[in-house]
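What follows draws every value from the coordinates through simple rules; no lab data is involved. Here the structure is a predicted model, which means the values were calculated and not measured. FYI the Cβ positions are ideal-geometry reconstructions off the backbone, even for glycines, and counts take in every protein chain you see.
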Amino acid sequence: MPAAPNICIVIPVYNHCLTVGRVVREAKDYFPVIVVNDGSTDDTGKILAAESGVEVVTLPQNQGKGAALRAGFVAAEQRGFTHAITIDADGQHATRELPVFAAAARQQPEAFIIGVRDLVKEKAPPGRRLTNNISTFWFKVETGVVLADTQCGFRCYPLKTINRLHLKSQRYAYELDIMVKAAWAGIPLVAQPVSADYAAATSRMSHFDPWRDMVRISWLHQNLSIQSFCVPLLLRRIFATGELRHLPRGERVKTILRLLFSEHADTPGKLSLAVGLGFFCGIAPIWGFQIIAAAALAHRFRLNKAITVTASHISFPLAAPFIMAGGLLFGHYLHTGALLALNATTLLQEIPERFAEWFFGSLALGIVVGLAGTIVTWLVSRLCVAKKNSPA
């Protein structure tokens, strides 16, 4: 039976001398407290020095909440703690709810427990509700996980797994990055309802910069969204945990290519459909958008994007004139039942004049070639599977 979680509280603080003393005193009634003084320039340092039974980690200069949390998590694990509950130093979180987080951690020690506030009920500032709604929407896009609140600082982190995530984000973007990477790494995310106090003026004294930090978070959302669309989940999991960093370059490339071309391609049917869809997109009359269309349709139908996009390159530059001519010839024959005399000189003149024939002919040709590619790929892959499974 695994040992019970050894829990501490980590409190990052920057210039909250009016509230940090009370928060620390209330918190240490429940669990050991580690406070990270993130280069405060007010009386925070003096107040913390006067508090007994509290460990203080001091950063000489302000580096942002992300750096403060990193320092707190490293210090907590070095001291033998397995879990760290984080609360903000501004007093908005109710320390009486700390035992609830601890109970959740004991019940699911491998989980990442995330505080979820009712921002409407708690009468949070409109700007904070707006940024949270935006962040929550993109978090769902990036992970598929639905959470009503993605910006609450009241959380319980399983240190062994969290400290090994590969994270580069700074300041407030760090808390978002760590949630997304945790979801990609397969760490269970568990919502825990919490209250929040926005009545006191001090609870509204946020160091969140609406311009600088929103730009940083928006940039992070853009990168994470692109990764979630383009990169297979297994590969994102490896990126999130940093496993590739320890492999030689050759092994790294092999691993990336293997995972890129293996997701949703574990059966002959899925593999052949990805190839057929790619052929169709490459021949369809959507020149300039074949790759985008191939990736989007593969995503929609849960087919392998790398295979589909690779197959869409059937319309590579040297083949493009033949494909265009084939679409026009096919379309003219379907429309009139007759063959069209065509050569390289008249091709570009005929297509504008017979645009409808070329357009629908290209669609029909794409369907025919896509079906042929699907059937041939299915037969070949079935033969390969049969050969692999046959006794030597």
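Shown in residue order for region 289-301 are the 3J(HN,Hα) couplings computed by the Karplus curve 6.51 cos²θ - 1.76 cosθ + 1.60 at θ = phi - 60°: 10, 4, 5, 4, 5, 4, 5, 5, 5, 5, 5, 5, 9 Hz (x for Gly and Pro).
As I understand it, the value is the acute angle between the Cα axis of helix 355-389 and the longest principal axis of the Cα atoms of the chain; what does it come to in degrees, rounded to 10? Relative to the chain, helix 355-389 is tipped by roughly 70 degrees. Take LEU371 and ASP266, extend 7 Å from each Cα along the Cα→Cβ direction, and tell me the distance between the two endpoints in nm. Rounded to a tenth, the inter-label distance reads 3.1 nm. Put simply, the amide H of ILE11, placed in the peptide plane, has neighbours under 5 Å in ILE34, VAL35, VAL36, leaving out anything fewer than 5 places away on its chain. Highest mobility in the GNM of the chain, judged by mean-square fluctuation with C-alpha springs under 10 Å and restricted to HIS246, HIS264, HIS93, is found for HIS246. Applied to region 84-101, the Karplus parametrisation 6.51 cos²θ - 1.76 cosθ + 1.60 on θ = phi - 60° returns per-residue 3J(HN,Hα) values of 10, 9, 9, 9, 7, 8, 8, x, 6, 8, 8, 5, 5, 8, 4, x, 5, 4 Hz, with x for Gly and Pro. Stretching SER225 away from LYS123 to a fully extended chain increases their span by 33.7 nm, per 0.36 nm per residue minus the current alpha-carbon distance. Distance between the modelled labels on ALA148 and ARG300, one decimal in nanometres: 3.3 nm (7 Å Cα→Cβ projection).
To the nearest 10 degrees, how steep is helix 249-260 against the longest Cα principal axis of the chain, on a 0 to 90 scale? Value to nearest ten degrees: 70. Computed from label points 7 Å out along Cα-Cβ, the spacing between LEU233 and LEU339 is 5.2 nm.
Mind giving me the FRET efficiency for GLN78 and GLN108? R0 is 25 Å, r the Cβ-Cβ distance, nearest 0.05 is fine. List each step's numbers first, then the result.
Numbers: r = 24 Å, r/R0 = 0.96.
The formula returns an efficiency of 0.55 here.
Here Rg/Rh (Cα atoms, Kirkwood Rh) was calculated from the structure, and among (i) 0.99; (ii) 1.15; (iii) 1.01 it sits at label (ii). Cross-linked pairs LYS270/LYS387; LYS28/LYS121; LYS160/LYS181; LYS65/LYS168; LYS140/LYS168; LYS140/LYS160: Cα-Cα separations exceed 23 Å for LYS28/LYS121; LYS140/LYS160.
Determine the percent antiparallel among the DSSP beta bridges restricted to the chain, to the nearest 5.
Details: 6 of 26 bridges.
Antiparallel bridges make up about 25 percent of those DSSP assigns within the chain.
Just LEU98, LEU334, LEU147 to compare: in a GNM of the chain, with alpha carbon springs under 10 Å, which one fluctuates most? Between LEU98, LEU334, LEU147, it is LEU334 that shows the largest mean-square fluctuation.
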